[in-house]
1. Near A:Lys400, which aspartates and glutamates are there with a Cα under 16 Å away, not counting those fewer than 8 places off in the same chain?
2. Could you give the distance between the Cα centres of the range B:239-286 and the range A:143-214, to the whole Å?
3. What is the ratio of the Cα radius of gyration of the range B:277-401 to 2.2 N^0.38 Å, with N the residue count, to two decimals?
4. Work out the count of Lys pairs in the range A:213-359 where the Cα-Cα distance is under 13 Å, with the pair 8 or more places apart or on different chains.
5. Among B:Met32, B:Thr383, B:His343, pick out the residue whose Cα is farthest towards the positive end of the charge dipole of chain B, where Lys and Arg carry +1 and Asp and Glu carry -1 on C-beta, about the Cα centre.
6. With +1 on each Lys and Arg Cβ and -1 on each Asp and Glu Cβ, and nothing else charged, work out how big the dipole of the range B:1-150 is about its Cα centre, in Debye to the nearest 20.
7. Mind checking which lysines have their Cα closer than 23 Å to the Cα of B:Lys156? Skip sequence neighbours fewer than 8 apart in that chain.
8. Let's see if you can work this out: charge +1 on each Lys and Arg Cβ, -1 on each Asp and Glu Cβ, no other charges. What is the dipole magnitude of the range A:337-398 about its Cα centre, in debye to the nearest 20?
2 protein chains.
Amino acid sequence: MTQHGSTGADDMLPFTEEEYLERIENTKLRMMQFGLDVLLVSDPANMNYLTGYDGWSFYTPQVVVVALAQDEPICIVRGIDLNGAKVTTFLDGRNLLGYPDDYVQNKRKHPMDFVAEILQARGLVRGVIGVEMDAYYFSAASMAALEQNLPNATFKNAYTLVNWIRMIKSPQELQYMRQAARILEKVMATAIDAIEPGVRQCDAVAKIMAAQASGTPEFGGDYPSIVPMLPSGVGTSTPHLTWSDQPFVSGEATILELAGCRLRYHCPQARTVFLGKPPQRLVDAAKVVVEGVEAVLSTIAPGLTCEEVEKVWRDVIAKAGFVKESRCGYSVGLNYPPDWGEHTISLRPGDKTVLQPDMTVHFIPGIWQDDWGIEISECIHLTDHGGDALANTPRRLIVKD
Amino acid sequence: MTQHGSTGADDMLPFTEEEYLERIENTKLRMMQFGLDVLLVSDPANMNYLTGYDGWSFYTPQVVVVALAQDEPICIVRGIDLNGAKVTTFLDGRNLLGYPDDYVQNKRKHPMDFVAEILQARGLVRGVIGVEMDAYYFSAASMAALEQNLPNATFKNAYTLVNWIRMIKSPQELQYMRQAARILEKVMATAIDAIEPGVRQCDAVAKIMAAQASGTPEFGGDYPSIVPMLPSGVGTSTPHLTWSDQPFVSGEATILELAGCRLRYHCPQARTVFLGKPPQRLVDAAKVVVEGVEAVLSTIAPGLTCEEVEKVWRDVIAKAGFVKESRCGYSVGLNYPPDWGEHTISLRPGDKTVLQPDMTVHFIPGIWQDDWGIEISECIHLTDHGGDALANTPRRLIVKD
């Protein structure tokens, strides 16, 4: 929910104020461990996580300032988005600030000039200031503007500091992810049903996006952070094509990578659909991929490292002569475009992070060859003792003959 | 079209190779004027504009390198997206490079380390290297990685260098924008029809998004760079809320800001819908806004400056006692999330850019008060002598009583 009914009352926030305050406390603890006095949060998911702030306004710079020296964060957005901050956050009005509109896309001034002024006015430029250096909406120009305005400040890269806190989901967060899974099941069924020879890809996408937004009768859908991806034919050799207005063709595969989204929480999944009689190589590859997914599902558990999980998959496909060089999974949950991944753990060699209960991971093994490919994935909730697939969709190559 | 049929042949690119080569030539001319030897293009719209590259892959760093010293640009993407680059660009295989997957979201290495290696290997680190410092997907960490790897290089901020070339649309680009306008007309009619008391916002959005993707029987729709925004009730006081699963309510206004998109070219538009009998203040405000839009449409022409156009609007609303502090328009066309604006001109005081034929501008005047607002906008094509609204939707407060 990105707009809390027509009353705009903040008692309609998706989480209790206590949950937000706990997240802020956890952030301050990590800031202390990391030697930060102030943290500038630019990642829209982190801004939402700490304050509730929501809106498609991240195309102009905006930040949440967390300071050890003050209880509540400060939220600084473009002036015309200030009412949006009032509607969507629990913050006190004196901690909501908007910059004048002539800071927007203006060669002579930058929104971070305004942010620097606020930091100075509030006495927050002593000590060490953390910045999320690799966040999508924290540009090189944002960094340069801060450095220029605050020449005596000490900056430290705190990218993913909040993301790591987001990895462990609360009961309420898990409830939203389960709702996202219910939406996803409808979305995936809609997609599989829509793909037929002669149907334009864009018309199948129309049905998919409608299912994503409508959600279920009990709870509506939110926009996933990634649009439907459905490479078809030779396009299946590469994972990130979206769609065209060409029709689906009999004798070709289509890879669906889709999500359900609820209040910005995602449950993603991939499936591969074949129209007609699939070639043996695809049938064989599907069998291997499903075997790999099921081996991981029966093995994954708190206490294992990310690379140990990846090795389970790697060993299964190696027996069949396949190698996959890209990572086969990542942490998933709350996010905004362009990604639903949380940019923390990766299931790949070298990642020695130990899995913990209530992490949520998109295990997405894919095999891409020169001119074809296959993906079958699951979004996994780490329970106390193992891992459960959040969504329930037939786990196989979908053949429509 | 983000995927060129099932053949993947690059003769299905949306523009002729000649048009891409002309764009590259124009870029090199500007680079020379600006004193650049090399330009690193990170903005996905600019990458697409110069090479055709397309795909939802901008969530990991990627660049197109334009160098005066070589004919063709180099496109560097994540390894698994290399096949996507083969399918969507006209570039020679030796100019398509992919970085290994362990560069992705890895604290110990950065994709820009790889880019720096390529620049060195190709002898492109002498002279001045332009970077798009305020592009969404060129993070502070990307800049830091380049500086660390190339300590002797000279970097210069070339943000919007390519964007300014994109402002003047070619005949083929204008054709795609007109197609986007046809899609938008269907989208807007669908939205106005869907908004009824008791209908959940998410269910109206489902129909809107379906219309955006399906497009028309002749040409399909692409995903707009901004999801449907439809603040309702008190939410109309702020422009960038998306939707909730609350129902529309009789006696409230909803502001629709929507686009049609064709092959990444956008035609955006805003309209305000009222369910029931609108309050007089809204009727009066609508009259003023429409008068302002029509004054601008009958005045706008090549040769005027941006601030002169804004003054036409400002004068109309001032007579009615309104003031709008934010800009009331910007250049629009080819783009990727999170914005369909081109980040060049703004219709606001101080912008002395002279309008030229075949620019396309989203003129979006809005009036936002403390607890209500209104928007009625048009996407305008600057002709040789004036300006034409691209889409044809009733230009008034839409009342559904």
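The values are calculated or read from the model by the stated rules, or taken from the named source; none is laboratory data. This is a predicted model, so every value here is computed, not measured. Every residue, glycine among them, receives a Cβ derived from its backbone with ideal geometry; neighbour counts consider all protein chains shown. In case anyone asks, the SASA skips ligands and DNA or RNA and just uses the protein heavy atoms, side chains included. Shrake-Rupley method; radii C 1.70, N 1.55, O 1.52, S 1.80 Å.
1. Cα-Cα hits under 16 Å: A:Asp193, A:Glu196, A:Glu252.
2. About 25 Å separates the Cα centre of the range B:239-286 from the one of the range A:143-214.
3. Relative to the 2.2 N^0.38 Å estimate, the range B:277-401 comes out at 1.05.
4. Close lysine pairs found across the range A:213-359: 4.
5. Farthest towards the positive end: B:His343.
6. Numbers: 11 positive and 21 negative charges, 114 e Å.
Dipole about the Cα centre, nearest 20: 540 debye.
7. Counting by Cα, and skipping residues close in sequence, B:Lys156 has these lysines nearby: A:Lys107, A:Lys109, B:Lys28.
8. Values: 4 positive and 10 negative charges, 32 e Å.
For this selection, approximately 160 debye.
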